[in-house]
Each structure stands twice: as structure tokens, then as C-alpha cells.
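See below for the structure under consideration.
Any read-out appearing in this document is the output of simple, stated calculations on the displayed coordinates, not a laboratory observation. Being a predicted model, the structure only gives us computed values, none of them experimental. Note: ideal-geometry Cβ built from the backbone for every residue, glycine included; neighbour counts use all protein chains shown.
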Amino acid sequence: MFSYCIFNVLLLCAVSIFATKIVEGSQPILQKTIEALFSDRTQEIYPGACKLLKASKRQTKMCDRDTGLSNVLTIAKEQAITACEETFNYDRWNCSLVFNKKPKRSIFNKLYRETAFIHALMAASITHSVAKACATGDLASCSCPGNFGKNNTWKMAGCGDDFRHGKRMTKNFLDFKHAGNDQIAEILKQDVIVGVDSIAEQLKEVCKCHGFSGSCTTKTCWKRLGPFNSAMGLLKKHYHHATKKKFMNYTIKRAISPKVRNRMKTERKNLVYLQRTPNLCVSTKGRIRLNVIAARDVGVSKDMADKAVI
């Protein structure tokens, strides 16, 4: 019995180390792409230069084939970084890629809550940018999606945002099919889907009436996305309500109870991470705070809230 317990303890330790090595070592294309897009805040992406993203041959072909894709990725990158910095400007974590100003403590070294958020954020931004580019004709791989009318009476007027193509393009570019089936890959894919779904929730139907003297004999409708900042509010809620998971060895098969299965279905809508975020109070030193609420959010007492610098 004692030897069995020792074996289980050693197995858990080995699994924990294995989980860390996966994240720090051989990263899937999905994670490499997200990291490269968000890390390089100055480099523009030009046709044929997807290698700057540590891209796969498949990604490079996509960039070469669709000349507008490089510009869309640049827009998506800038949009995501700007939105992140503005949204988290007065939080403990302010979208920095390292913890406590230590280069070796990159958020991409492990699967922190912040890592999960960045994956969702970039996926959302790519989806949003591609959908908008389809409407404006800036992508060769898509065009203005067909509009539809009520009661089968329709007429082309206006151009909708092609969310479906944005979702498809995001998954293809992030190499979903080859991301793997281990737990790390499944978590990353779930975080990406949360980001894509946050854009889907901003999709609204816009209609326009056609007819004489203000009548509405024909109604033309199309889909339009809201501003990206609307999705950021939802993504931030996902960030604060993210689910921490334990690393599981998929070779160990267990019977899953209905209760656990229902919980898993609920968690599929949440961001998921594996490692707890390091103490961020050290990294907030010297940052400017504007009010009591902001000071409280970064772990500062009410008495210190009136001071301009922490």
C-alpha cells in the first residue's frame, strides 16, 4: 500500500513536470503564431514573410496566395494590442508580456490566466479583422457576403461583415487541425474558440427598407459586427472568470459521472489555464493610478489612493 502511494505521488510529479515542459518546449503552431503576433509590436507583416511569425509552410502559402491577408493580420495585431493596453491599463496585469519585469518570466512560458486571455484576444481580433476585410473587399479569399430579405423579397444593398469566413480563416491560419489532441492543445483551442465566440455575440442584423413614399415593400438585411471594444468587455469578463484546470494524463481512462460531464460542458464556454499567475504586486510599483477604484484593483490601500504614483 505504501509503495502504491509513493508511485502515485511520483506519477503526479512527473505529470506536472511534463505539463510545464510541453508549454515551455515544443509549442504547437497555434501558440507560436499567437505569441509572435502579440510579442512583435512594431514589425509589420508583408506578403511572403509569414516566417516572421515562426509560421508553418501552410501559413506561408496562405499569406502568399491571399495578398490582403498580411495587411489584415497587421491590423488584427495592432487592434488587439491597443485594446488590451487600454482595457487593462489600471489593472494589476496591464498586458505586459513578462511578470515583475523579469524577461525569463514570459506569460508564454506556461499556461497562465493571462496566456489564455491573449490567445482568445488574438483569435477574436483576427476574426473581426477578416470579417471586416471581406465587407470592404480587401481580401482575395472572400467577397461581400450575400444579403437576404424578408419574405423572400431581397435586393443587394449594403455589404455585411463575413463572420463565417473570419471564423474559418482564423482556425485555418492557427492550424487547428494539426494542433494536437493532448490537454495543452485542447486548452489552447478552447481559449481560441472563446475569443471567436466573443465576436459572434457582437453580430447584429441591419436592415434597410425600400419602397415608394416611405413604404417598406422590400426589406434588405445584412450582418454587421459591432466595434471591437464591445468584444473586449466580454473578453475581460472571461479573463476574471477563467477556469483553472489540473493537468490530466490522457492515458488514464476514468468513468466520468453525469455531474462532472455537465460541469465540463459549462466550462467549455470559459477561458481555461493551468498555472496560477505569479504575485503581480511587485510589478505595479511606480505605476500611475487615477482613483480609489483603480488603486484598489492593483492592491493599494485606500489611504494611498490620493497619491499619483504607487
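Annotation for S39 and A200: the two label points, set 7 Å from Cα along the Cα-Cβ direction, are 3.1 nm apart. At full extension, R65 and K245 could sit 60.9 nm farther apart than now, given 0.36 nm per residue minus the alpha carbon distance.
Given a Förster radius of 22 Å and the C-beta distance between N270 and E86 as r, what FRET efficiency does 1/(1 + (r/R0)^6) yield to the nearest 0.05?
On the way: r = 24 Å, r/R0 = 1.07.
Using R0 = 22 Å, I get an efficiency of 0.40.
Determine the sum of side-chain charges near I193: Lys and Arg each +1, Asp and Glu each -1, restricted to other residues whose C-beta is under 10 angstrom from that of I193. Each step should come with its number before you reach the end.
Working: positive: K167, K171, K189, R268, K269; negative: D191, D197.
Here the charged neighbours net out to +3.
What net charge do the residues around Q183 carry, taking every other residue with its C-beta under 10 Å from that of Q183, with Lys and Arg at +1 and Asp and Glu at -1? Summing Lys/Arg as +1 and Asp/Glu as -1 gives 0. Taking each residue as 0.36 nm, the span from D182 to S96 lengthens on full extension beyond its C-alpha to C-alpha distance by 28.2 nm.
For the cross-link pairs K61/K171; K32/K132; K132/K171, which exceed 20 Å when the distance is taken from alpha carbon to alpha carbon? Result: K32/K132 exceed 20 Å.
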